[in-house]
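Report on one structure; see the data block that follows.
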Amino acid sequence: MKQLSWLVVPVAALGSALVVAATLLHYAQAHRQGDPGGYLSIGLGAICVGLLAGVGVFLVASPRWRAISVAFGVALVTSLATCGLLLATLIRAFGS
């Protein structure tokens, strides 16, 4: 596990960036077609980013400090922050 721990952070960061980009592209495409984007894609995107962050924290932590509760807390906070930032970005870009 020690050999792959350096790979977890870049994979989680790249995966999170791809999820956010996919969410924004979904809303841009829906806006072009005149359809509402809905909140489902924001929720799914935020959950995916939180899941990546939580798994990343769990895998990077040393076995002595590894705990599911810490990983869950990080995932929850990251999901809420991502959801708020996505909502603010989409409202600013496309209106309410």
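The values are calculated or read from the model by the stated rules, or taken from the named source; none is laboratory data. Fair warning: this is a prediction, and the values are worked out from it, not measured in the lab. Heads up, the Cβs are rebuilt from the backbone with ideal geometry, glycines too, and the neighbour counts pull from every protein chain shown. The area values use the complete protein model at the heavy-atom level, side chains included, leaving out ligands, DNA and RNA. Shrake-Rupley method; radii C 1.70, N 1.55, O 1.52, S 1.80 Å.
Things to note:
- Accessible area in the full protein assembly, largest first, 1.4 Å probe, for ILE42, ILE68, ILE91: ILE68, ILE91, ILE42
- Calculated FRET value between GLN33 and ALA81, using beta carbons and R₀ = 25 Å, to 0.05: 0.30
- Loop-located chymotrypsin sites (Phe, Trp or Tyr not before Pro) in the chain whose Cβ has at most 13 other Cβ within 10 Å (DSSP): TYR39, TRP65
- Sites counted here are trypsin sites (Lys or Arg not before Pro) in a DSSP loop (not H, G, I, E or B) having no more than 10 other Cβ atoms within 10 Å; the longest part of the chain that contains none of them is 3-63.
- Anisotropy class of the range 23-79 from Cα gyration tensor, a/c 1.5 cut: prolate
- Residues of the range 56-86 with amide N under 11 Å of a point placed 7 Å along Cα→Cβ from SER5: 59-66
- Most mobile listed residue (SER41, SER16, SER69) in the chain, GNM with C-alpha springs under 10 Å: SER69
- Based on DSSP H segments of at least four residues, each scored -39500 (n - 2.57), the chain has a per-residue ellipticity at 222 nm of -28500 deg cm²/dmol.
- Among the helices of the chain, those built from whole DSSP H runs whose Cα atoms reach 20 Å or more along their own axis and whose mean Kyte-Doolittle hydropathy is at least 1.0 are 40-60, 68-94.
- Rounded accessible area per residue of the range 1-85, 1.4 Å, Å²: 68
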